[in-house]
Structures are given as C-alpha cells and as structure tokens.
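Just so you know, all these numbers are worked out from the coordinates, no wet-lab data involved. Quantities reported herein were computed from a predicted structural model and do not represent experimental measurements. Every residue, glycine among them, receives a Cβ derived from its backbone with ideal geometry; neighbour counts consider all protein chains shown.
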Amino acid sequence: MTQPPGNHAVLLDVSVDALSDVLDLIHLRGGELTMARPGEGSEVRHRAGGRVLHIVQRGPVDLRVTGGEGTVLEQGDLVLLATGAEHRLRPEGDGAWMSGTFLVEEQEAVPLLAVLPPALVIRGSEAGREWLPLCAQTLAAEIAVPTAGSKVMVSRVLDLLFILALRTWSASAGPREAGWLTAALDQQLGPAMRAIHRHPERPWSVEELAGLASLSRAAFCARFVRLVGEPPARHLSRLRLARAADRLATTSDAVGAIGRTVGYASEAAFSRAFSRAYGSAPRAWRIARAGGSSAAP
C-alpha cells in the first residue's frame with residue numbers, strides 16, 4: 001500500500017508479543033457487565049471460580065478475599081480477580097461499582113493465570129492510569145444506555161482492561177511466581193515464548209531458543225526454569241498436548257492428524273504422551289469431553 005508523502009506506517013513488532021499468543025490459547029473474552037448498588041450494610045459475594053473485575057464508581061468499598069486480608073477500594077480503582085478467588089464487596093455509604101466477567105478455556109487458563117495475585121488492585125489515582133477512567137466511562141455509558149453493538153463493545157473493553165491490568169502487574173516491582181504468564185511478559189524470554197507458542201510442532205532446540213532470547217544456552221535454561229517453572233522441553237511437551245486437547249474438543253479431525261500438527265511423528269507416540277498427561281487416550285478423552293466431563297493434565 002502506497003503511503004501519502006510525509007506519512008510513515010508503524011507496524012507492531014509481533015515477534016516479541018508472546019502475551020497475545022498466550023491469551024489466544026486460553027480463549028480470553030469479556031462476558032457480562034453488571035452494576036452493583038447494594039446499599040450501606042449490605043454486601044455482594046462472588047463464589048470461587050468466577051474470573052471477574054470490579055471498577056468502583058463511588059467509594060469507599062471494602063474488598064475481602066476469602067482467607068486473605070481486606071482492601072479498601074476508592075472511586076476509580078479497579079480490581080482484577082483473574083484466579084477465580086472467592087470474595088465479597090461491601091460498600092461504605094452509597095458505594096457502587098461495575099462488575100465484569102471473563103470467559104476462558106479453563107484447562108489452559110488455570111496454570112497460566114495461577115501466577116497472578118488473588119486480587120490485583122490498580123489505583124485509578126496513580127500516574128500512568130489515564131486508560132482506566134476512559135475505559136470506565138465507556139463501560140458506564142454502554143450499561144446505562146445499551147444500543148446497537150453494546151454487547152460486543154463491552155466484551156472488547158473488558159478484554160482491554162484485562163490486558164492493561166496484566167501489563168501494570170508486569171511493570172510493578174516485586175518477585176514473580178514462576179509460570180507461563182511471567183515468562184511471556186519477560187523482555188528476554190518473550191521472543192522465545194512466542195516462537196514456542198506460535199509453532200509448537202517444530203523440533204525446537206535449546207540453542208535455537210537461546211538465540212531468540214539473545215542468551216547463552218546455560219543462561220537461557222536457567223532463566224527459563226526460574227520464570228516458567230520447568231525446563232524448555234517439558235514446557236514444549238505440555239503446550240503441544242494442550243493444543244492437541246483443544247483440537248480434540250473443538251474439531252472432528254482425526255487423532256493421528258492432530259498429533260502430527262502438534263509435532264508427534266506417529267499416532268502411537270502422540271497417544272502415549274496424551275494418556276500420560278490427561279489420564280486417558282485421545283479418542284476416549286474426546287468422547288468423555290463431548291459427554292460433559294474431561295480430565296485435566
């Protein structure tokens with residue numbers, strides 16, 4: 001495409017965006033948006049398992065995660081509860097907030113999001129949070145006067161808030177638990193993680209991945225184990241099987257063909273690896289999944 005004189009196209013460097021690939025893997029999508037105005041002395045409880053965020057419109061609001069300490073949220077604050085922690089919110093005075101839900105592929109999301117704190121609080125009053133009031137205003141407008149496209153608009157804004165919250169968490173100081181998400185957000189491991197997640201079928205060598213991370217073989221392996229929690233080969237195997245499970249659940253492709261697409265040379269090798277991880281052979285797992293039950297690796 002020809003650019004007008006004086007204009008320059010700026011392309012995103014997708015080679016380092018492992019986070020997008022990881023979020024694609026868990027099929028993240030924003031769900032429903034609701035408004036809560038319970039009144040002073042009342043509270044709203046959220047059972048374990050739901051992945052939600054809350055944005056305070058009028059504060060203060062007391063947040064308490066079951067088994068954890070309480071946190072006071074003020075007007076404009078956001079809290080993301082991406083791990084599905086049970087919690088309750090109680091307003092002081094006429095506090096009010098919006099709550100948004102998220103849908104994910106649980107099997108892949110559980111290990112990915114487990115590195116996050118039960119409640120990730122982002123203060124709207126802090127510098128660099130200009131995106132938060134803009135998103136909050138958009139959501140408030142859509143919930144107040146729903147119109148054509150509101151459902152899709154809300155879903156997209158919730159997705160955006162989820163990603164921005166992850167970026168904020170990644171940029172904050174402090175130690176990180178080992179996990180996929182920690183590594184995907186790491187500047188050095190990010191390119192290698194993207195390569196693995198984009199092409200798990202390739203016979204990646206440690207040397208190749210270390211080159212993508214601009215690290216020596218030894219430094220790469222040490223950093224990978226520290227941030228991911230397992231060696232590169234084990235992570236690649238886990239990813240291949242997760243991709244295979246997703247295709248078994250969502251397509252009618254032959255088992256052998258699915259195995260080949262994720263890097264297994266034979267159906268027998270794929271079946272053995274899948275059975276060790278998921279507790280049953282691919283065909284049996286697919287039948288059980290279709291019947292409403294599945295085994296997690």
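Summary table below
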read-out	value
Unit charges at the beta carbon, dipole of the chain: most positive-side option, Ser20, Gly229, Gly68	Gly229
Over the chain, relative contact order from alpha-carbon pairs under 8 Å, at least 6 apart, %	17 percent
Spatial extent of the range 14-171: Rg and Dmax, with the Cα atoms as the point set, Å	15.1, 51
Nearest 10 degrees, 0 to 90: helix 150-171 Cα axis against the chain principal axis	80 degrees
Volume in Å³ per residue [convex hull over Cα atoms, computed for the range 186-297]	99 Å³
Reported label for calculated mean projected area of the Cα convex hull in nm² given (1) 15.4; (2) 20.1; (3) 21.0	(2)
Most to least packed among 184-197, 19-32 [average Cβ atoms within 10 Å]	184-197, 19-32
Calculated [θ] (222 nm, deg cm²/dmol) that DSSP helices of n ≥ 4 give over the chain, each run adding -39,500 (n - 2.57)	-13500 deg cm²/dmol
Length-normalised contact order of the range 118-216 in % [C-alpha pairs under 8 Å, at least 6 apart]	18 percent
The chain: angle of helix 131-144 to the longest principal axis, Cα-based, in degrees nearest 10	70 degrees
Burial ranking of peptide ranges 161-170, 95-104 (average Cβ count within 10 Å, highest at the top)	95-104, 161-170
Sorted by Cβ density within 10 Å, fewest first, the residues Trp131, Trp180	Trp131, Trp180
